[in-house]
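As structure tokens, the structure follows; a few thoughts come after it.
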């Protein structure tokens, strides 16, 4: 009981900081609560704080840990859906959302999340279409990469795909500008695949500076 009380107090501190928009402080308090008494609720809350900080992989890890504790906890599947979608992991996001809806069919956010998923699935289908030999159109593929990245901002796959399509469309100025943007972003500047594409853009664009 003493451990539970201590964890609850730390959890409430985390909730207070989260509501203020102090997500890093919230993560710290949730971590302290988890050190005292791990629970699916605290892990789920920390996952939401990680999502707010755009630390999507950490959010996925917390969601999976929460599910191991209680696989019937509907809320955590919604947070797993958000994190997986942000990472561009469409199939795992779909699976998480289906489980969330199954466990809590009356959740008011179900329709909104289903619409978001449907939009991403459509965007991906258009990318596949315009990247195919039959309907090849690199300019339109770039446009759909831009669209999908608004919903999947941390998707390494789609970031690299946009780089590829810009080069194939001979949009070297745009490719160089995108590369420079990526090299300034803390979440993308050290990702090996993205760095490789930025290096390729540098070569094709004839630029000495990519960041």
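Any read-out appearing in this document is the output of simple, stated calculations on the displayed coordinates, not a laboratory observation. What you see is a predicted model, and the numbers here were worked out from it, not measured in a lab. Here the Cβ positions follow ideal geometry from the backbone for every residue, glycine too, while neighbour counts run over all protein chains shown.
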Per 10 Å bin from zero, what fraction in whole % of the C-alpha pairs of segment 2-107 is there, up to the bin with the longest pair? 18, 46, 31, 5, 0
Cα centroid separation - segment 32-70 against segment 143-177, whole Å: 31 Å
Working from Cα positions, state the angle (0 to 90°, nearest 10) between the long axis of helix 172-184 and the longest principal axis of the chain. 30 degrees
May I ask you to derive the relative contact order of the chain, considering only C-alpha pairs under 8 Å and at least 6 residues apart, and to give it as an integer percent? 11 percent
Ranking of 46, 185, 112 by count of other Cβ atoms within 10 Å, fewest first: 112, 185, 46
How far is helix 56-69 tilted off the main Cα axis of the chain, in degrees rounded to 10, range 0 to 90? 40 degrees
Using alpha carbons only, how many degrees (0 to 90, rounded to 10) separate the axis of helix 2-19 from the longest principal axis of the chain? 40 degrees
Cβ-based exposure ranking for 149, 161, in which fewest neighbours within 10 Å come first: 149, 161
Specify the residue with the greatest mean-square fluctuation among 36, 201, 148, computed from a Gaussian network of the chain linking alpha-carbon atoms under 10 Å apart. 36
Per residue, the convex hull enclosing the Cα atoms of segment 120-211 spans a volume in Å³ of 80 Å³
Send over the per residue convex hull volume for the chain, Cα only, as a whole number of Å³. 130 Å³
Where in segment 50-86 does the amide nitrogen come within less than 13 Å of the point 7 Å from the Cα of residue 24, taken along Cα to Cβ? 53-54
What is the fewest-to-most order of 133, 95, 12 by other Cβ atoms lying within 10 Å of their Cβ? 133, 12, 95
Starting from the Cα of residue 125, step 7 Å toward the Cβ, then list every residue of segment 147-161 with an amide N under 20 Å from that point. 147-152, 158
Identify which of 64, 54, 171 has the largest mean-square fluctuation in a Gaussian network model of the chain, with springs joining Cα atoms closer than 10 Å. 171
Of 69, 42, 159, the one that fluctuates the most in a GNM where the chain has Cα springs shorter than 10 Å: 69
